[in-house]
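The values are calculated or read from the model by the stated rules, or taken from the named source; none is laboratory data. Computed from a prediction, not measured in an experiment: that's the story for all the values here. Cβ atoms come from the backbone with ideal geometry, glycine included; neighbour counts cover every protein chain shown. Accessible surface is based on the protein model in full, side chains and every heavy atom, while ligands, DNA and RNA are left aside. Shrake-Rupley method; radii C 1.70, N 1.55, O 1.52, S 1.80 Å.
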Amino acid sequence: MDPARDTPAVLAPYVAHFSANFTALTGEFLDVHRFATQVNIPFRKSVEKDGSYSIDHSANLVLLNPKGDFAGFLMPPFDRERVVQVLELLRKREL
């Protein structure tokens, strides 16, 4: 999550690789940081002495319902069966 480098043009092919149904988000750094923190997928910018930087981020998965409302998050390690179970429960709640 680096709004300076993760532009819509950069994100589009990356996200499409996973699913045409996925939507990527980007925006101003503080807005993206605030949103990520609120949904438990925090990140931080680590600046080196030479001015270069990297983005350190969690591996948490945020779960949003079809309306875009926060439904929860999953922390690693990810167990496939558990992830499927959680997604099925969320899908049933939405019906």
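Every residue in region 31-83 that is within 14 Å of the chain's Cα centre (by Cα), open to solvent by less than 90 Å² (accessible area, probe 1.4 Å) and of a type in the set (S, T, N, Q), please.
THR37, ASN40, SER58, ASN60, ASN65
I need the full set of residues from region 35-46 which are in a loop (DSSP other than H, G, I, E, B) and out of contact with any strand residue (DSSP E or B) (no Cβ under 6 Å at 6 or more places or on another chain), in order please.
Once the filter is applied, which keeps residues that are in a loop (DSSP other than H, G, I, E, B) and out of contact with any strand residue (DSSP E or B) (no Cβ under 6 Å at 6 or more places or on another chain), region 35-46 yields only PRO42.
For region 65-95, enumerate the residues that are at pLDDT 90 or above and part of a loop (DSSP other than H, G, I, E, B).
Those that are at pLDDT 90 or above and part of a loop (DSSP other than H, G, I, E, B): MET75, PRO76, PRO77, PHE78, ASP79.
Scan region 56-95 for residues that are of a type in the set (A, V, I, L, M, F, W, C) and farther than 19 Å from ASN21 by Cβ and jot them down.
Those that are of a type in the set (A, V, I, L, M, F, W, C) and farther than 19 Å from ASN21 by Cβ: ALA59, PHE73, MET75, PHE78, LEU89.
Going by what's in this entry, would LEU74 be described as at negative phi, out of contact with any helix residue (DSSP H, G or I) (no Cβ under 9 Å at 6 or more places or on another chain) and not β-branched (Val, Ile, Thr)?
Here the answer is no, as LEU74 does not meet what is asked.
Give the residue, chosen from VAL62, VAL32, that is of a type in the set (Val, Ile, Thr) and outside any helix (DSSP H, G or I).
On the way: VAL32 fails: outside any helix (DSSP H, G or I).
Every option except VAL62 fails the conditions.
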